[in-house]
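Comments concern the structure below.
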Amino acid sequence: VADDELDDIIHSNSTDSKMYILSKNVKRSIELKQEGNSLLKDQKFLMAEIKYTDAITLPGIPDKDLSVLHSNRSLCYLKLGKYGQALEDAKQSKRLNPDYLKAYIRLGKAYESQGKYDKAIKNFDKALSLDMNNEEIRQMRSEIRKLKGLEERDYDQSIRDLELKNREKFKGTKHLDMIKKTMIFINPALEHVLAGHEYRDVQDYTMAAECYKLAADMRNPEAMYNLALFMINGYGVKKDYSQAFKLLKE
């Protein structure tokens, strides 16, 4: 046999061997997925996670099959309280197959678990665009919208309670001007806060927001609270829930 013919035979055998191994891997991944699915139904989430992981690590698995495996493992992570890993698996499922409905459902549930309701709703909307008649997804989205609404109302009420408490604290205080000057001397940001309150009370929200922003830039907590309230309600500034909650965390 000529050298070039021998090389062709070796190459052919090598290719056939690789194809055989990959075919075995695909078959094994299907078996592992089925085992994982059975464990998942029995609520044996940790054991199911292991099966899906074993399948994911096999070489040569098609992207669409991997997408399903990552989606299923994401559900296991959710059930086990591993919310960060659930989100990463859901993202990977989407990357591998952008048209896979369950990838967006997993993303929605993962974001919900982290309290990121806007992102959860966005992914449920995408899932509905792939299956408009899916009532289960509609119900999931509806529940998130209710949670988001309750969170915003609770926050608004806590801000109003805080403002009322502060007003009551200073009601009837003697020598208020002297106290005010002393406080401003100690804390210069307070001058902007008080000016913001005055503009707010006459409903000049644009000027009030500017004053609160000046004080917030000086890290004044009261200004940051009030500016956050304005951002939530759109008083004098554009509504921005994300920035409002960021101010609160600071």
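The values are calculated or read from the model by the stated rules, or taken from the named source; none is laboratory data. Everything numeric here is computed off the predicted structure, so don't read it as measured data. All Cβ positions, glycine included, derive from the backbone under ideal geometry; neighbour counts span all protein chains shown.
Below is a table of values for the structure above.
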item	result
Residue list for segment 114-138, restricted to those being buried (at least 17 other Cβ atoms within 10 Å of the Cβ) and hydrophobic (A, V, I, L, M, F, W, C)	120, 121, 124, 127, 128, 137
Members of segment 66-81 that are over 16 Å from residue 38 (Cβ atoms) and surrounded by fewer than 19 Cβ atoms within 10 Å (Cβ to Cβ)	80, 81
Any hit, segment 94-110, residues being surrounded by fewer than 16 Cβ atoms within 10 Å (Cβ to Cβ) and either small (Gly, Ala, Ser) or touching a strand residue (DSSP E or B) at 6+ places or on another chain (Cβ under 9 Å) (or both)	no
Cβ-Cβ under 9 Å pairs, at least 6 apart or on other chains, segment 115-143 side under 22 Å from residue 97 (Cα atoms), far side outside any helix (DSSP H, G or I) and of a type outside the set (Phe, Trp, Tyr)	120/114; 127/134; 128/134; 130/99; 137/131
Residue 119 vs. criteria assigned by TED's automatic domain parsing to the domain that holds residue 25, under 22 Å from residue 241 (Cβ atoms), among the charged types (D, E, K, R) and in a helix (DSSP H, G or I)	yes
Candidates 119, 165, 126, 148 - the one that is farther than 25 Å from residue 47 by Cβ, out of contact with any helix residue (DSSP H, G or I) (no Cβ under 9 Å at 6 or more places or on another chain) and at pLDDT below 95	165
Positions within segment 93-115 being of a type outside the set (A, V, I, L, M, F, W, C), in contact with a Leu (Cβ under 9 Å, 6 or more places away or on another chain) and under 21 Å from residue 81 (Cβ atoms), in sequence order	93, 102, 106, 109, 111, 112, 113, 114, 115
Selected residue [at pLDDT below 95 and surrounded by 17 or more Cβ atoms within 10 Å (Cβ to Cβ)] from 9, 21, 61, 56	61
